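Visitor: The structure follows.
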There are 2 protein chains.
Amino acid sequence: MDLSQDSFIQDFPPGDLDFYRKQATFNWKKLKLVFEDPQRIKTKNFLWSLFEKESAFKQNNGEPSIEEQKQIVIRQLLAVRSYNVLPADIHSTPLKQWLRVFMTIGQALVVVSPDAAVKLIVDVVLAHMSIILLGNDRQKKIGQLAWESMRHAAFMLTEVAHGSDTRNMQTTATYNEESQEFILDTPNFQAAKCWSGNLGMSCTIGIVFAQLYVKGSCYGLHAFLVPIRHPGTYEVYSGITIKDMGLKLGLNGVDNAIILFHKYKIPRSNLLNKFANVTADGRYITQLSSPGKVFGSTIGNLSTGRVSVVQESSEYLICAVVIAVRYAAVRKQFGANKDEELAIIEHQLHQWRLFPHLAAAAVLKVFATSIADDYINMLIQQTTEKDSVFSTSAYKTEMHVILSAAKPLTTWSCQDAIQQCREACGGHAFLNASRFGVLRNSNDARVTYEGDNNILLQQTSRWLLKLWDGLKQGVPISTPLGTCNFLNNHSAIRNKKCTASTSDDVKSFTFLQESFEWLITYLLQETSEKLLTGFESSGCLFTAFNNIQVYKANVLSMVYIEYVVLSRYWSIIHNDCVDISVRRVSITIGLLYGLSCLDKHLIYLYEGGFTQPSLSKLVKDAILDICSILKCDAVAVADALSFPDSVLNSVLAKSDGKLYENLRNELFRGDTCVPEILASKL
Amino acid sequence: MDLSQDSFIQDFPPGDLDFYRKQATFNWKKLKLVFEDPQRIKTKNFLWSLFEKESAFKQNNGEPSIEEQKQIVIRQLLAVRSYNVLPADIHSTPLKQWLRVFMTIGQALVVVSPDAAVKLIVDVVLAHMSIILLGNDRQKKIGQLAWESMRHAAFMLTEVAHGSDTRNMQTTATYNEESQEFILDTPNFQAAKCWSGNLGMSCTIGIVFAQLYVKGSCYGLHAFLVPIRHPGTYEVYSGITIKDMGLKLGLNGVDNAIILFHKYKIPRSNLLNKFANVTADGRYITQLSSPGKVFGSTIGNLSTGRVSVVQESSEYLICAVVIAVRYAAVRKQFGANKDEELAIIEHQLHQWRLFPHLAAAAVLKVFATSIADDYINMLIQQTTEKDSVFSTSAYKTEMHVILSAAKPLTTWSCQDAIQQCREACGGHAFLNASRFGVLRNSNDARVTYEGDNNILLQQTSRWLLKLWDGLKQGVPISTPLGTCNFLNNHSAIRNKKCTASTSDDVKSFTFLQESFEWLITYLLQETSEKLLTGFESSGCLFTAFNNIQVYKANVLSMVYIEYVVLSRYWSIIHNDCVDISVRRVSITIGLLYGLSCLDKHLIYLYEGGFTQPSLSKLVKDAILDICSILKCDAVAVADALSFPDSVLNSVLAKSDGKLYENLRNELFRGDTCVPEILASKL
Ligand SMILES: Cc1cc2nc3c(=O)[nH]c(=O)nc-3n(C[C@H](O)[C@H](O)[C@H](O)COP(=O)(O)OP(=O)(O)OC[C@H]3O[C@@H](n4cnc5c(N)ncnc54)[C@H](O)[C@@H]3O)c2cc1C
Ligand SMILES: Cc1cc2nc3c(=O)[nH]c(=O)nc-3n(C[C@H](O)[C@H](O)[C@H](O)COP(=O)(O)OP(=O)(O)OC[C@H]3O[C@@H](n4cnc5c(N)ncnc54)[C@H](O)[C@@H]3O)c2cc1C
C-alpha cells in the first residue's frame, strides 16, 4: 500500500488522549483505510467542509420551533443540491454514475443532520428510485421535473391501520375506462396513508400504493405516481387532505404526514407499470405468473432503503462508541490510592461494557460498506440489463434475505450501543451537547421503518427453512452469495463436538466458524421440526409459523446474519489491500465481535449437546482477555472510525481530549454574568 | 375482603378492549388492590383530579420553550403545595405524619410531570431530609423558612470531575477560627458542583458537600447548609456563580445547574453536625471511630432518594407496558386469512416480547411499595429514637444493600421495557402523543443519578462477599431482613442437582427457589475465589475487586436482588388479605417473572453443573406456555396496574380502546383545513 495514501488524513491536536494514543500498537490512519477507501474519505471530507461553511448547518444555540426545524432542514437540502455532487438529471443519468456517490452523501449527511438525510433518502431512494426501477418514460419525465426544480417526492405505503401487513391495506385505485383514469380513494381514516416523509410540506409528487380495481376485480397493491401539490404554489391539489403528524420522538425536522384521497383522479399512465399494466379498455396484463406476485416484485426492487438504513445505523453506532471510548480514556474516577486516579477505561467492567460495541462498530462498518457495494452493483447490472450472476433473481433473493436480517442486526446493535454508551458517560451524557439524545431518538425510528425488525427477521428464516426443506429432499444448497452452502454438510456439522479446552482455543476464527455453523444447523433443524409438529397439530401453516419465532426462527436469523457479517469482515481484513500492520488489531476486533455474539447464544451450544460445561468460562475469559488487550488500542480504533470534531459534534469527545476545557466552554457559552473575580477559575 | 372495598374504583368505558376484558379470569379491581391499598388509590385519585383542574397541568399543545417549561413546572409545584396535603412545617411535624403521604404524592406526580416530581424530590427527599436527619435546630429553622415560603432547596454533591468517586471531590470548606466561619471554595472548574436540581433558578438554600479543613488537616467530605439566593429577590449571593446546564436529553423543566464558590463564607453552625462537629476554637470532634466514617454515615442516611427512584421507575414501567398491552389488544395485523385479522397480542412473538415486562411491572410494583413501606418505617423509628430491630445498624445496612441493587434492577428493567414497548407499538409509538419519548428520556436519567447503577451493584456484592467470608470462618449468617440466611446451607445447596424434568416441574416456586439459591451460592463462591486469586496475583485489593465484576459480582448482585424481589412478591400474594380470586393470576405473574429472570442466567446453571442439557428447553417452553395462558388476562392485569386516561396520557392506550378514533382526534386536533367533502371520513 502506498504510504502517501493516508497523507490526506489530518492528524489530531495534542491533548489528554495522547496518553492512550501513544500506546497504540498500530497507525490509526492505516486502519481508517480498512474502514473506508480514500475516495470516500475525500468525498466526505469535502462535503463536511462545505457543510461547515453553510449557515443552514450551523449549530443552533437557540431552540428552533418545529416549524423552524423543518425550514432549516429544507435549507440544508437546498445546500446539498447546490454543490452539484448529484446529477442534474437522475432519471437519464445511469445509476453507475451517481448511486455510489449518493450513498456516500447520505452517509456524510446523516451524521450531521439526521432529518435532512431522512428526507433526502425518502426522496431519492424510495420515491425516485421507484420510478427509475419500475416506471415508464413519461413518469421519468415527471420525476425529473420535480428533481430539477428541487421539489421533493414522498413514498406512501403505510396506512393508519396497516403497516407490516401490506396485504390488508385499503386505499383503492379504481380504473375508470371512460376517462382512462385511476380514482384513488381512502375509504376511512384507518386507510389513510401515514408517516410519509416529505408529505407534510415539501413534496409535489409521490408514490402511492393502492389496491388496484379493474372492472370490479381486485388485483392487489400496485404503485402509482401521484401529483400531490402544485409545483409553483405548493398548494395541495383538491381531493387530497394532508395533515402533519405533529411532535414526534425525534426527526422533528422531517415533515411526516397523513394523507386522505377523496376520489382523486390520476391518468392511466401513472401506474408504475414494469410488472403489470392496465390497457385503455380496462384489461389487466402482467408478465408475472399471478397478480399476487406483482406487489412482491415491486417491493422487492426497493431494498435500497434498507441498505441506507444499515449504513446509517452503522455510522450512528460509530458515533456513540467513539464518544464513549474517548470519554473513558480521559474521564478519571477511582484508583487504588487517592492520588492515583485511573481513567475509567482501565476498569475491566467498563472495558467490557464498551469494547464489544467498539468491535461491533468496526465490523458492521466494514460489512455495511461491502454489502452496499454489492447491492449497488446489483442494481447497476440490473438497469444496464447486462446478464450477469449479480442480476439473477437468486442473487436478488439472497441479497434481500441478507438485508432483511442485517437491518435488524445493525439497528438493534446501534440502539443498544447508544444506550450503553450514554450510561457509560455518566451524568454528563445527559447533556444535549453529548449528542446521545439525537442519536438515540433518530436511530430508534430505524428499528421500525423500512420494515419492522421482528417482521423482517421472519423473511430470513423462511428462506433458510425453504433451503433446509430442499436439502432434506436431496436438493443441495448453492446460493450465489454462498452464505449457507456449508449446510450441505449438515449431518457432519450437527454431530461435531466442540473441542476447545483452553481460552486460547476459543480465540480463533476456526472455533467461531465451527460454533456458528453448528449453531445455525442446530437452530435450523430445531425450527424446522417445530414447524412440522406445529403444522401437524394445528393444521394451519400461519399458526405454525407464528409459533416457531421465539427462541427458534428469530434467533436463527440473528445467528445467521452475525455469521454472514463476521465471515465477510474476516475475508476483507485478510485481503491483500489491507495493510499488514493493522491486521493484528483487525483480527482482535473480529474475534471480540464473534465471541460477544456467541456469548449471547451459548445456551444453545449446551442445550444441543455441542459442548461441555467449561466452554462458557472459556468464552467469557477470552472476552475479558481480549478487552484487556484492546485497551491500549481502543482510542486508536475509535480514532480510525471517527469523524471530524464538527461532525461528531459531542462536547464529551473532541479529538483534543480536553474534556473539561470543552465542557467549560460549552456550559459557559453565550452571555453569563460571571463576576470578574471568578473568571479566572473558569 | 370487603366487597365494597373496590367500589370507589371506576369502571372503564366500553370499547374495543372489551373483547379481551371479557376473557379475563378474574376481577381486575381485586387485583388492583394487590398493587395498591385503597388509601393510596384514593389519595392518588384525589390528587389527579386536582391536577386535571389545574391550568399548570394542562397538556400544552404548543411547544413551550425551555424557559417556559421551567416556569410551568414551578407553577405545578406551587399547585401541589396549595392543596395542603403536605404539612406546613415539615421540620417539626414527625415523619410518621407525612413521609408516607409525601411518597404517594411523589408517585402521583411523577407520572403526570416527571420534571415537577424530580424537583419536589430533590427539595424534600434530598435537601430537607438531610437537615431533618442530620441537622441541628438552627438549621431546621432555616429549612422551615424556605419550605413555608415555597422556596426550594438544592443538593450539591456531584462535581464536574467527580461523581461516583466522592472521595476525590475537591470543593473545600476551611474553618476560620477568627470569624468562626467556614469558607467554601471551588479551586477550579473541575471542582464545580454540577447537575444540582433546583439550583439553576428556584432554590434559596442548599446542602453542599465539601472537604472539611480545620487547622490545615483535612477531615473528608462533610455536608453544609448553604444560603444560595436571597429569598426575597432571588438574587444569587455574591461569591457564588451559577450557570444552568442548558438543553438536556430530558427533564428540561428541571433547573439543573453548576455552581462555583469563591471563598464564600458561611457560619460555623451551618455544618450538618449529627456525626461530627467543629468547635468554635477549631477542634474537630466526632463520636464515630474515624472521620472517614462520617461521610459514609452521612450519605448512608440519605437512601430515601433511592427509594423514590425505585418507585418512580416501577410506575414508568407500568406506563410503558400498559400502553403496549392495550395497543396489542386492539391493533390488528396479519391473520391466517385475509378477512380474519388477529390482534397482535395473539402472535406468540409479541406475547413473549411484552408479557415478561408486564410481569415485571406487577412484581416490581408490589416490591417497590413494600420496600418503601419498610424503609419509611425504619426512618420513622430512627427519628423517634425508639429502639427497635428496624433502627439497628444491621437493619439499615441490609436495607442499603437491597436498595443499592433494587435501584439498578428497577431502572434498567424500566428502560428495557420502555424500549421494547416502544418498538412493539410500531410506527405510531414514534408520535410524541404515544408518551414513550418522555418515559424513555426521564427514566434514562434514573439509571445514572442517585448512584450510577454499575457502581451501586458493587455495594451489594461487597456485602454478600463479606457475609460469605464470615461464613467460611464459621460465622453463621443471620440478617435482620433475612435475605440470604439460606446461605448457611451453602454446601448442601451447592451440591444439589436440578431435578426438573418436565415443563410443569419448572412452573413452580420451589424450582425457582432452588435455582436462585443455587445460583447465588454458586456465583458467590466463584466470585469469592476469583477475588482471592486476583488479590494473590496482584497484591492489590482494588485491582482484585475491579476484576471480579464482569460475569461474577455484577451478575451476583442482580440475581440476589431478583430473588429478593421475587420472594417478597411471593409472600405478599400469599397474604390473607389478598383476595383468593386473584391468587391464581398473581402466581402466574410471579412465575413468569421468575422464569424470565432465570432465562437470562441459565448458562450459569450449566456451567456450574446444576443441570442437564434439557433444562433450557423446559424453561423456555414454560415461559411460552405461561405467555399463552396470560393472553386472556393480560389486558385485565394492565387495567389493574393502570392509571386514569388523563394520567397515562397516551393516545395509543386510552381505556376505551378506541384506538383509531383517538388517533384521529389527536392528529386532527386544532385547526385544519379539511374540505367539507372529506370531513365525513375523518
Ligand atoms: C419516522 C418514521 C418515518 C416513516 N416514513 C415512512 C414513509 O416515508 N412512507 C411509508 O410508507 N411509511 C413510513 N413509515 C412507516 C413505517 O414503515 C411503519 O411504521 C413500519 O412499516 C411498521 O409498520 P406499523 O407501524 O404499522 O407496525 P405494525 O405492522 O402494526 O406492527 C406493530 C408491532 O406488531 C408486531 N407484529 C406485527 N405483526 C406481527 C406478527 N405476525 N408476528 C409478530 N409480531 C407482529 C411488530 O413486530 C410490531 O412490533 C415511517 C415510520 C416512522 C416511525
Ligand atoms: C438529570 C440529573 C440530575 C442530577 N441531579 C443531581 C443533584 O441534584 N445533585 C447532585 O449532587 N448530583 C446530581 N446528579 C449527578 C449524578 O448523581 C451523577 O451523575 C452520578 O452520581 C454519576 O456520577 P458521574 O456522572 O460523575 O459518573 P462517573 O462516576 O464519572 O461514572 C462514569 C461511568 O464510569 C463508570 N465507572 C466509574 N467508576 C467505575 C469503576 N470503579 N468500575 C467500573 N466502572 C466505573 C460508571 O459506571 C459510569 O458508567 C444528577 C445527574 C443527572 C443526569
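Visitor: Please verify whether B:Leu199 is open to solvent by less than 30 Å² (accessible area, probe 1.4 Å), closer than 26 Å to B:Arg283 by Cα and more than 8 Å from every other protein chain (Cβ to nearest Cβ), treating the condition exactly as stated.
Guide: Working: open to solvent by less than 30 Å² (accessible area, probe 1.4 Å): yes; closer than 26 Å to B:Arg283 by Cα: no; more than 8 Å from every other protein chain (Cβ to nearest Cβ): yes.
Answer is no for this residue.
Visitor: Identify all residues within the range B:228-242 that are touching a residue at least 40 places away in the same chain (Cβ under 8 Å) and in contact with a helix residue (DSSP H, G or I) (Cβ under 8 Å, 6 or more places away or on another chain); write none if there are none.
Guide: Selection gives B:Pro231 alone.
Visitor: Condition test on A:Gly451, is it surrounded by 15 or more Cβ atoms within 10 Å (Cβ to Cβ) and among the small types (Gly, Ala, Ser)?
Guide: Yes: the conditions hold for A:Gly451.
Visitor: Something else now. So, in the range B:424-461, of the ones that are facing another protein chain (nearest Cβ under 7 Å) and within 11 Å of ligand 1 (Cβ to nearest atom), which residue ends up nearest to B:Arg331 (Cα to Cα)?
Guide: B:Gly426
Visitor: Follow-up question, since we're still on this one. Tell me, which strands (runs of 3 or more DSSP E) wholly within the range B:228-270 include 2 or more residues that are within 11 Å of another protein chain (Cβ to nearest Cβ) and open to solvent by 10 Å² or more (accessible area, probe 1.4 Å)?
Guide: Hits in the range B:228-270: B:240-244.
Visitor: Give the range A:72-100 a look and list any residue that's in a helix (DSSP H, G or I), surrounded by fewer than 16 Cβ atoms within 10 Å (Cβ to Cβ) and among the hydrophobic types (A, V, I, L, M, F, W, C), or say none. Show your work before the answer.
Guide: Applying the first criterion (in a helix (DSSP H, G or I)) to the range A:72-100 yields A:72-82, A:95-100.
Still in the list and also surrounded by fewer than 16 Cβ atoms within 10 Å (Cβ to Cβ): A:75, A:78, A:81-82, A:96-97.
Across the range A:72-100, the qualifying residue is only A:Leu78.
Visitor: Does the range A:314-330 contain any residue that is more than 22 Å from B:Asn168 (Cα to Cα), within 16 Å of ligand 1 (Cβ to nearest atom) and under 14 Å from the mean Cα position of the chain (by Cα)?
Guide: yes
Visitor: Identify, by number, the condition in (1) open to solvent by 10 Å² or more (accessible area, probe 1.4 Å); (2) of a type in the set (Phe, Trp, Tyr); (3) touching a Ser or Thr at 6+ places or on another chain (Cβ under 8 Å) that B:Tyr551 doesn't meet.
Guide: B:Tyr551 satisfies all of (1) open to solvent by 10 Å² or more (accessible area, probe 1.4 Å); (2) of a type in the set (Phe, Trp, Tyr); (3) touching a Ser or Thr at 6+ places or on another chain (Cβ under 8 Å) except (3).
Visitor: If we keep just the residues of the range B:428-460 that are aromatic (Phe, Trp, Tyr) and in a helix (DSSP H, G or I), which is nearest to ligand 2 (Cβ to nearest atom)?
Guide: B:Phe436
Visitor: State which residue is nearest to ligand 1 (Cβ to nearest atom) when the search covers only the range B:331-358 and only residues that are in a helix (DSSP H, G or I) and facing another protein chain (nearest Cβ under 7 Å).
Guide: B:Leu349
Visitor: For the range B:552-651, list the helices (runs of 4 or more DSSP H) that sit wholly inside it and hold at least 1 residues that are in contact with a helix residue (DSSP H, G or I) (Cβ under 9 Å, 6 or more places away or on another chain) and either free of Cβ contacts under 8 Å to residues at least 24 places away in the same chain or aromatic (Phe, Trp, Tyr) (or both); which are they?
Guide: B:554-573, B:583-607, B:615-641
Visitor: Could I ask something else about it? If a residue has to be crowded, with 23+ Cβ neighbours inside 10 Å and either away from every other protein chain (no Cβ under 14 Å) or within 22 Å of A:Gly609 (Cα to Cα) (or both) to count, how many in the range B:582-594 make the cut?
Guide: Of all residues in the range B:582-594, those crowded, with 23+ Cβ neighbours inside 10 Å come to B:582, B:585-586, B:589-594.
If we keep only those that are either away from every other protein chain (no Cβ under 14 Å) or within 22 Å of A:Gly609 (Cα to Cα) (or both) as well, we get B:582, B:585-586, B:589-591, B:593-594.
Final tally of qualifying residues: 8.
Visitor: Check A:Ser65, A:Ser55 and return the single one that is out of contact with any strand residue (DSSP E or B) (no Cβ under 7 Å at 6 or more places or on another chain), farther than 30 Å from A:Ile629 by Cβ and away from chain B (no Cβ under 14 Å).
Guide: A:Ser55
Visitor: Among residues belonging to the range B:50-67 that are assigned to a helix (DSSP H, G or I) and closer than 15 Å to B:Leu251 by Cβ, point out the one that is nearest to the chain's Cα centre (by Cα).
Guide: Step one: of the range B:50-67, the residues assigned to a helix (DSSP H, G or I) are B:50-53, B:55-57, B:66-67.
Filter once more, keeping what is closer than 15 Å to B:Leu251 by Cβ: B:66-67.
On the way: B:Ile66: 26, B:Glu67: 27 Å.
Result: B:Ile66.
The values are calculated or read from the model by the stated rules, or taken from the named source; none is laboratory data. Owing to the predicted nature of the structure, the values given are computational and were not obtained by experimental measurement. Every residue, glycine among them, receives a Cβ derived from its backbone with ideal geometry; neighbour counts consider all protein chains shown. Just so you know, the surface numbers come from the protein's heavy atoms only, side chains and all, with ligands and any DNA or RNA stripped out. Shrake-Rupley method; radii C 1.70, N 1.55, O 1.52, S 1.80 Å.
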